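Only one structure is covered here, and it is reproduced in the block below.
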Amino acid sequence: MTRKYPVITFLAAAIAILTRTHLGKAGDQQSHVHGQARINVVVEKERATVEFLASAESMYGLEHPPRSTREEQTRAAALALLEKQIANMVIFDPSRTCRFSKNYLAVVTEDDQHFSEDHDREPRTHGGHSEVRAEFAVLCKTSLAGSQLRFEVTKIFPALREVAVQIVSDTQQQGVTITDDVGSITLEK
């Protein structure tokens, strides 16, 4: 009898832990850095979940929601490029024959709250920060253990020069920073 639920539970729990502990709450200064993407990868045998987060400004030049047809087209093109190129940005060992499928892809806008200059403690809104958030399921023909994972995010989105990567599996928890697409991670056996 195969047990699918423990794998799914492990993947979901690992992503939740990564998102809450490493990245902070959405809207924190730490979680929204221009020029930097964050990629969380949870690995379980021949499966993986890839979570991608980056400021919208770094991906398509807008911090605010689109205000014109041209801005809407720019955003749509960037999101389509991410979906189409994710396997060329997060590169699993080709010998593992991995396929990506989108779980979700969205732009989230969060308003920053600031106190007015006269210190009356009444918050006022200064516009929102927009962030691209995506999650992809990865299914490979063979186990990912012992293989290399490379990143070429800057090649696809040049404004994203730095990638903060977190890897979690049942044998490994590791964080690295990839700058200008230089660096890789070995997935432990």
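The values are calculated or read from the model by the stated rules, or taken from the named source; none is laboratory data. Given the structure is predicted, the values throughout are model-derived calculations rather than measurements. Cβ placement follows ideal geometry from the backbone for every residue including glycine, while neighbour counts extend to all protein chains displayed.
Here are a few things to note about the model shown:
- Residue count, segment 140-160 (criterion: part of a strand (DSSP E or B) and surrounded by 17 or more Cβ atoms within 10 Å (Cβ to Cβ)): 3
- Of the numbered criteria (1) at pLDDT 95 or above; (2) surrounded by fewer than 16 Cβ atoms within 10 Å (Cβ to Cβ); (3) over 26 Å from GLY175 (Cα atoms), the one SER95 fails is (3).
- Residue in segment 117-130 that is at pLDDT 95 or above and buried (at least 16 other Cβ atoms within 10 Å of the Cβ) present: no
- Number of positions in segment 54-83 that are under 18 Å from the mean Cα position of the chain (by Cα) and either charged (D, E, K, R) or in a strand (DSSP E or B) (or both): 6
- Residue in segment 172-182 that is surrounded by fewer than 20 Cβ atoms within 10 Å (Cβ to Cβ) and under 20 Å from ALA78 (Cα atoms) present: yes
- Of the set (1) closer than 21 Å to VAL176 by Cβ; (2) among the β-branched types (Val, Ile, Thr); (3) part of a strand (DSSP E or B), all apply to ILE86 but (3).
- Taking the numbered list (1) crowded, with 18+ Cβ neighbours inside 10 Å; (2) more than 17 Å from GLU152 (Cβ to Cβ); (3) at pLDDT 95 or above; (4) of a type outside the set (A, V, I, L, M) in turn, GLN73 passes all entries but (1).
- The set of residues from segment 161-189 being farther than 12 Å from VAL43 by Cα, outside any strand (DSSP E or B), more than 16 Å from the chain's Cα centre (by Cα) and not acidic (Asp, Glu) comprises just one member, GLY183.
- Within segment 31-53, considering residues that are assigned to a loop (DSSP other than H, G, I, E, B) and under 14 Å from the mean Cα position of the chain (by Cα), the one modelled with the lowest pLDDT: SER31
- Any hit, segment 54-67, residues being at pLDDT 95 or above, within 21 Å of ILE185 (Cβ to Cβ) and out of contact with any Phe, Trp or Tyr (no Cβ under 6 Å at 6 or more places or on another chain): yes
- First in segment 61-83 and of a type in the set (Lys, Arg), second anywhere and assigned to a helix (DSSP H, G or I), Cβ under 9 Å, 6 or more apart: ARG75/ALA56; ARG75/MET59; ARG75/TYR60
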